[in-house]
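Okay, structure first, notes after.
The values are calculated or read from the model by the stated rules, or taken from the named source; none is laboratory data. As the structure is a prediction and not an experimental result, all values here were calculated from the model. Positions of Cβ are generated from backbone atoms using ideal geometry, with glycine treated the same way; all protein chains shown enter the neighbour counts.
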């Protein structure tokens, strides 16, 4: 039998309120001598038994400020904050452990480990140097967070930690809930590596070189294909990656097959695209010096060995 909340843990018993099985960490022995889960304990007003042994050291608790998706702000502490779990146990500031509640990550925007609840700026800068990626996070409510990921960033993680860019920020570390994020932009090196997808095959290299030469242009798919000397179908098949990065946009009616090329607002994208455009120019346009006029300007045509 497995815990209802932690499927990787064996059940230690069941809640006398709802009847569900839970692990030892999820059950609390109350004054009536029965075990209850956190939800039922709060709903039924059950109070935990007073521990006869030493209480958990309050110094081990970390101060946190929880910003909920609803806009509500909670201040308190927790003893554990595991991103792999579904939530965490939370004790409100000024309350005892008897007021402990369980907060689900799905309801959270982010959880900030803070130096103080008063806010403001830290008197001394943080000494930790993050080893992850530079990142800019925009939440669905419009708030923006600039900083560095605590470790190597992975899109597979349901939540990830960010160290604020400002070393004097009162927030020491911020655990971001991915479902509350609207968009993300990685730093220069990771983003540049990601943009290599724009030159992943010959047709994409042709499109990127043309875009680099004509960053502000309206053209149809058929005209673009003709200029690149490729079929319209092969060009259209590669357009989504350019549309995703905001370099190309479909405009007008679908039947018009009209495209608009425009400059990216992200300076890292602009610089990386320019660098790749120059690279294509240097590597493939040397053929013009050999008098190969018919193939001039077509980096997609690579000699097969």
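Quick notes on this one:
- Here the condition is being at pLDDT below 95 and on the phi < 0 side of the Ramachandran plot; of 257, 295, it holds for 295 alone.
- Single residue of region 167-196 satisfying the filter (at pLDDT 90 or above and surrounded by fewer than 17 Cβ atoms within 10 Å (Cβ to Cβ)) that is nearest to residue 138 (Cα to Cα): 182
- Failed item, numbered, when residue 215 is tested on (1) touching a strand residue (DSSP E or B) at 6+ places or on another chain (Cβ under 7 Å); (2) farther than 21 Å from residue 185 by Cα; (3) surrounded by 13 or more Cβ atoms within 10 Å (Cβ to Cβ); (4) at pLDDT 90 or above: (4)
- Residue in region 142-149 that is closer than 23 Å to residue 70 by Cβ, at pLDDT below 85 and in a loop (DSSP other than H, G, I, E, B) present: no
- Selection status of residue 240, at pLDDT below 95, not in a helix (DSSP H, G or I) and not assigned by TED's automatic domain parsing to the domain that holds residue 136: no
- Check on residue 205, closer than 30 Å to residue 134 by Cβ and part of a helix (DSSP H, G or I): yes
- The conditions of being modelled with pLDDT under 85, touching a strand residue (DSSP E or B) at 6+ places or on another chain (Cβ under 7 Å) and either not in a loop (DSSP other than H, G, I, E, B) or not assigned by TED's automatic domain parsing to the domain that holds residue 174 (or both) are met by residue 29.
- Among residues of region 227-247 being closer than 17 Å to residue 264 by Cα and either touching a residue at least 60 places away in the same chain (Cβ under 8 Å) or touching a strand residue (DSSP E or B) at 6+ places or on another chain (Cβ under 9 Å) (or both), the one that is surrounded by the fewest Cβ atoms within 10 Å (Cβ to Cβ) is 243.
- Failed condition for residue 230, given (1) at pLDDT below 90; (2) part of a loop (DSSP other than H, G, I, E, B); (3) more than 30 Å from residue 186 (Cβ to Cβ): (1)
- Within region 164-178, residues that are at negative phi sit with their Cβ atoms under 6 Å from residues that are surrounded by 14 or more Cβ atoms within 10 Å (Cβ to Cβ) and in a helix (DSSP H, G or I), at 6+ positions apart or across chains, in these pairs: 177/105.
- Subset of region 114-141 that is modelled with pLDDT of 75 or more and within 21 Å of residue 155 (Cβ to Cβ) - its residue that is surrounded by the fewest Cβ atoms within 10 Å (Cβ to Cβ): 140
- Of all residue pairs spaced 6 or more apart or on separate chains, those with beta-carbon atoms under 6 Å, a first member in region 260-275 that is modelled with pLDDT under 85 and a second member that is surrounded by fewer than 14 Cβ atoms within 10 Å (Cβ to Cβ) and in a helix (DSSP H, G or I) are 268/188.
- Residue check for residue 224: touching a strand residue (DSSP E or B) at 6+ places or on another chain (Cβ under 7 Å), on the phi < 0 side of the Ramachandran plot and modelled with pLDDT under 90: no
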